[in-house]
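Okay, structure first, notes after.
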Amino acid sequence: MFRRNFIHRGLLPSWPVSSSPTSPSPGIRAITQVKAHLGSLGAAERRVAEVVLADPASIIGTSAAQLAKRAQTSAMTVIRFARTVGFSGYQELSIALAITEEQLGRAPVLSDSDTPAETLRAVSALAAAAVDGVAGSVSVESFAAAVSALRSARHTLVVGAGLTTPIALDLAYRLNNLGLAADAPADGQIQRVRAEGLTPDDVLVAFLHGGSYKQVVATAQAAKSVGARVVAITTFVGTPLADLADHPLIVGASTARTGVDAWTSRLAALTVVDALVVAIVNTDPTRYRAVRDHLSEIIDRDQL
């Protein structure tokens, strides 16, 4: 019973941990990918993105040339834009947008006049969409490299700001419960001092919604300057934090049209934390089973 309680507390997953890979919804992926790349697009491609995000439904069934005319650019730029945001071409993007519209048409929409029950349904739908988009936004290669870096790090410093501060604390806590040294100081100045004291054997993980919060970026730069590896879990491609990171994990932004990106991106970041922890465990289940059993004994001794 105590072991079951230990697992339920979120310290470690149960064993064995296995997965059957599933693809994220292509519709959800369309919007999250476009939003994630906004900061890295050139002027012409950004105009295409803005047209797409302003009214995805109006893109369905149109040609690349028609979209190009609306964005005041060329059809080749539209095709290049589709490839930049992760699709094989304009046709695949258009199909994904059609699926998006079908999904959003079925999904509840937040409104000031919602009843408590309607609010619960709408928020649940938005949360599910945020989580569904993670697998399509995060680079598999960067994710695998981040897992390797965290597992082999002498010490991991985890930093965040605002809504991401609790997520930083959560990751540090869970790494410690895997027997991996980590800390997550909340004070910005302490974060910076700790970052400057890292070594090439250490890792800094930075959480940030939007990618431009000076405190977090400066801390990541300090860690980078002393040779530490930097993992960034953030919303957009092409931001200062994403650009300096060795392993950027881009979670994307909400598919919703209700201005809820901040808290839905937080859910996406928490999903990445869960995935990192499980992936680390899966690299050596026997080792982490022993850690789990040892910590279970400690918790059992503390029971009243």
_Taking 0.36 nm per residue of sequence separation and subtracting the Cα-Cα distance, how much length would be gained by fully extending the chain between Gln221 and Val123, in nm to one decimal?_
31.7 nm
*What percentages, rounded to whole numbers, describe P(r) for the stretch 135-292 computed over all alpha carbon pairs with 5 Å bin width beginning at zero?*
2, 10, 20, 24, 22, 13, 6, 3, 1, 0
*Kirkwood-based Rg over Rh for the stretch 26-104 (C-alpha set), two decimals?*
0.91
*Take the Cβ-Cβ distance between Gln303 and Ala181 as r, set R0 to 22 Å, and report the resulting FRET efficiency rounded to the nearest 0.05.*
0.25
*May I ask you to evaluate 6.51 cos²θ - 1.76 cosθ + 1.60, the Karplus curve with θ = phi - 60°, for each residue of the stretch 150-164 and list the ³J(HN,Hα) values in order in whole Hz, giving x for glycine and proline?*
5, 5, 9, 5, 5, 8, 10, 9, 10, 10, x, 8, x, 5, 8
_Net charge dipole size for the stretch 26-104 [Lys, Arg +1 and Asp, Glu -1 on Cβ; Debye, nearest 20]_ = 280 debye
*asked:* Can you tell me, using C-alpha contacts under 8 Å and at least 6 residues apart, the relative contact order of the stretch 26-104 as a whole percent?
replied: 42 percent
*Amide H to amide H under 5 Å from Leu249: which residues, 5+ apart in sequence or cross-chain, H placed 1.01 Å off N in plane?*
Ala232, Ile233, Thr234
_Spin-label proximity, His294 to the stretch 174-189 - amide N less than 18 Å from point 7 Å beyond Cα toward beta carbon_ = 174-183
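Every read-out reported here was derived from the displayed coordinates using simple, explicitly stated rules and does not represent laboratory data. Quantities reported herein were computed from a predicted structural model and do not represent experimental measurements. Every residue, glycine as well, gets a Cβ built from its backbone with ideal geometry; the counts of neighbours run over all protein chains shown.
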